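Notes follow once the structure below has been shown.
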Amino acid sequence: MCQDDKCVYDLAVERRTIRRFKPEPVPRELLEQLVNAARLAPSAANVQPLEFIVVDDARVKAEVFPALKWAAYIAPAGDPRSGEEPAAYVVTLVNSKLREKMFEYDVGAAMQNMILTALAEGVGACWLLSIDRDKLRAVLGVHEGFRIDSVLALGYPAEEPAAEVMGESCRYWKDEAGRLHVPKRALAAVVHINRF
């Protein structure tokens, strides 16, 4: 059963990583909704070790941007161009007093909640793990006892990546028109019914 115009399934299938953004701000209220969706995601043993820093101030965004690494397969062509940087970031932290290991499952669930919630509002996202954590810790004033896990870059999309059935390589590429193509394994290659 679907609500409004799109089902969650439609959003999940439509979702592509966005690395080029329009110069439009993402409303603070929406950013807070994303964090709310993240905090309500499943958490192993309900420990809830995650905390989040929302970054939407222009000066702080300018300090965060150099700490991020983008599309390694096609660098630097996959980096946001000047004027196409993210409108906001959500930095995911792990409170080490609550959980020191096995927090990746909590992070994955929280991220997917944020990504799909953003997409439902027309906002694209790029989940970044290749980041300079020391630089981010200094820029954002992250306290000891908190691990910076990842950064979710957000903004209204200035590109429309296409999913392709994967051939021999998982490497994404840009065509002559500059459109990003992302190989994905075919359903028949990954689904097993009743037994392997």
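The values are calculated or read from the model by the stated rules, or taken from the named source; none is laboratory data. Being a predicted model, the structure only gives us computed values, none of them experimental. Positions of Cβ are generated from backbone atoms using ideal geometry, with glycine treated the same way; all protein chains shown enter the neighbour counts.
Odds and ends about this structure:
- Some residue of segment 13-24 being within 15 Å of the chain's Cα centre (by Cα), surrounded by fewer than 13 Cβ atoms within 10 Å (Cβ to Cβ) and modelled with pLDDT under 95: yes
- Any hit, segment 112-120, residues being more than 30 Å from GLU176 (Cβ to Cβ), of a type in the set (A, V, I, L, M, F, W, C), part of a strand (DSSP E or B) and touching a strand residue (DSSP E or B) at 6+ places or on another chain (Cβ under 7 Å): no
- In segment 67-84, residue surrounded by the most Cβ atoms within 10 Å (Cβ to Cβ) [restricted to those that are within 17 Å of the chain's Cα centre (by Cα) and assigned to a helix (DSSP H, G or I)]: ALA67
- Within segment 13-51, being more than 21 Å from ARG179 (Cβ to Cβ), in contact (Cβ under 8 Å) with a residue 40 or more places away in the chain and of a type in the set (A, V, I, L, M, F, W, C) holds for VAL26, LEU30, LEU31, LEU34, VAL35, ALA37, ALA38, LEU40, ALA41, ALA44, VAL47, LEU50.
- Selected residue (criterion: nearest to VAL90 (Cα to Cα)) from residues of segment 106-126 that are of a type outside the set (A, V, I, L, M) and touching a Pro at 6+ places or on another chain (Cβ under 7 Å): GLY124
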